[in-house]
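Each remark here refers to the structure printed beneath this line.
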Amino acid sequence: MGRYRKPFTLYKRGNYWYYKTYDSDGYRTSGKTTGQTRKKLAEEYCLELLKINQLGFARLTLADYSEHFFDDDSPFVTDRVHPLAYSSLRQHRQYLRLHILPAFGSKKLQEISFSDLKNFRQKLLKDGLKANTINGIFQTFNAIMKFAFLDNKINKNPLQGFGSLPRPNNRDSFRREEVVFLCQQAPEELRPFLILLALTGMRLSECYGVTQADIKEDGDIAYIELSRQLTEIGTYTPLKNKGKRIIPIAQELIPLIQKWTFNHARIKHVMKPIIRSLDNWEERGLCLHSFRHFFITDTKASGLNPLFAESIAGHSLGGIEATYTNFHAKDLQSIIEWQKDLFKEIENLIDK
């Protein structure tokens, strides 16, 4: 008959007693404090934990633990200093459902190893997934495992120190002739929306949520006071950077702003094949977001102050730039002139 082994061991560090338990392979786990200064009280504390099955680590599977992890009312979603954007939450759910659960759903949390993660990533690469997508999947995975560690369900997060794949710098912008081509090929109802994307640098959800009520004036200069975005499920949320932005807008563009009769899904469905008809679209990483890249690239190429484009686009600036780039609408007249010239050029070419 084998010798009885206590389910925990005690040791003293400083004034307090700590305990160690055993993992699924029989190895001692990292120590945890009992909060007691006397050994007898520390032992009683551990025995109480043992009674309520809280001494060791739960034998939960990943599927069990993550079942409601990204629900709207889950602690991960609701108890945050900065709320998750709907698009980010949706992405987490997709990564979990499509990639993580098929590979690890039936595996015990405590049994997921560093080697398992390495093999998983190699499989994703062989399946043809891009580095950005794979990094996103592992960010979702890490959120779950980090929470499980803090929740005392595992003794170590295997993703701690697991580096990201280098991100290829191949995100291109549309060229002027491509913006014209896309507007020509798009249904007429989508053209005003695409032109606004190209000439204001707004993100898809930001442009979709703008109304005529957001148009303000600073003397003779009109501008959009952007403070919210309209998500795919039809709810308004704060901007990605949680602040407000001033976007100057030429008078000619104001009539383009309307209550759109289409949704995000239709924009993507209609425009995806048109964008993919462009030369080298895949190697260049072209997508709807490339309209925003076009705004930043073309304004800079046209000789405008690059800080104007960064400020309007809402990019985070560091150092001195962050302190001295609080532009007002009247400071951005050059952007409006650029908008006027390019809008006229696009209209003339579309009509040909």
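The values are calculated or read from the model by the stated rules, or taken from the named source; none is laboratory data. Being a predicted model, the structure only gives us computed values, none of them experimental. Cβ atoms come from the backbone with ideal geometry, glycine included; neighbour counts cover every protein chain shown. Quick note on the areas: whole protein, heavy atoms, side chains included, nothing else; ligands and nucleic acids left out. Shrake-Rupley method; radii C 1.70, N 1.55, O 1.52, S 1.80 Å.
Within segment 89-103, is there a residue that is within 21 Å of Lys272 (Cβ to Cβ), among the aliphatic types (A, V, I, L, M) and open to solvent by 70 Å² or more (accessible area, probe 1.4 Å)? Write out each step before concluding.
So in segment 89-103, the residues within 21 Å of Lys272 (Cβ to Cβ) come out as 90-91, 94-95, 98.
Checking the rest, the ones that are also among the aliphatic types (A, V, I, L, M) come to 98.
Those left that are additionally open to solvent by 70 Å² or more (accessible area, probe 1.4 Å): 98.
Within segment 89-103 (the criterion being within 21 Å of Lys272 (Cβ to Cβ), among the aliphatic types (A, V, I, L, M) and open to solvent by 70 Å² or more (accessible area, probe 1.4 Å)), the answer is yes, since at least one residue qualifies.
Regarding Arg176, is this residue among the basic types (Lys, Arg) and within 23 Å of the chain's Cα centre (by Cα)?
Working: among the basic types (Lys, Arg): yes; within 23 Å of the chain's Cα centre (by Cα): no.
In short, no.
Just checking, does segment 111-118 include any residue being under 19 Å from Ser66 (Cα atoms), of a type in the set (Ser, Thr, Tyr) and open to solvent by less than 30 Å² (accessible area, probe 1.4 Å)?
No, that holds for no residue.
For Phe138, indicate whether it is open to solvent by less than 70 Å² (accessible area, probe 1.4 Å), aromatic (Phe, Trp, Tyr) and over 22 Å from the mean Cα position of the chain (by Cα).
Details: open to solvent by less than 70 Å² (accessible area, probe 1.4 Å): yes; aromatic (Phe, Trp, Tyr): yes; over 22 Å from the mean Cα position of the chain (by Cα): no.
Here the answer is no, as Phe138 does not meet what is asked.
For segment 265-319, which residues satisfy the criterion of being among the aromatic types (Phe, Trp, Tyr) and touching an Asp or Glu at 6+ places or on another chain (Cβ under 6 Å)? Show your work before the answer.
Here is the first cut: in segment 265-319, the ones among the aromatic types (Phe, Trp, Tyr) are 281, 291, 294-295, 308.
Hits for segment 265-319: nothing passes.
Please name all residue pairs, on different chains or six or more residues apart, with Cβ atoms under 7 Å, provided the first residue is in segment 285-300 and is closer than 18 Å to Ser205 by Cβ and the second residue is open to solvent by 20 Å² or more (accessible area, probe 1.4 Å) and basic (Lys, Arg).
Hits for this filter: Leu288/Lys268; Arg292/Arg203; His293/Arg171.
It is to be established whether one or more residues within segment 147-161 are in contact with a Lys or Arg (Cβ under 8 Å, 6 or more places away or on another chain), open to solvent by less than 40 Å² (accessible area, probe 1.4 Å), hydrophobic (A, V, I, L, M, F, W, C) and closer than 24 Å to His293 by Cα.
no
For segment 328-352, what are the residues that are in contact with a Ser or Thr (Cβ under 7 Å, 6 or more places away or on another chain) and aliphatic (A, V, I, L, M)? Reasoning before the result, please.
Pass one, segment 328-352, residues in contact with a Ser or Thr (Cβ under 7 Å, 6 or more places away or on another chain): 335, 338.
Once the filter is applied, which keeps residues that are in contact with a Ser or Thr (Cβ under 7 Å, 6 or more places away or on another chain) and aliphatic (A, V, I, L, M), segment 328-352 yields only Ile335.
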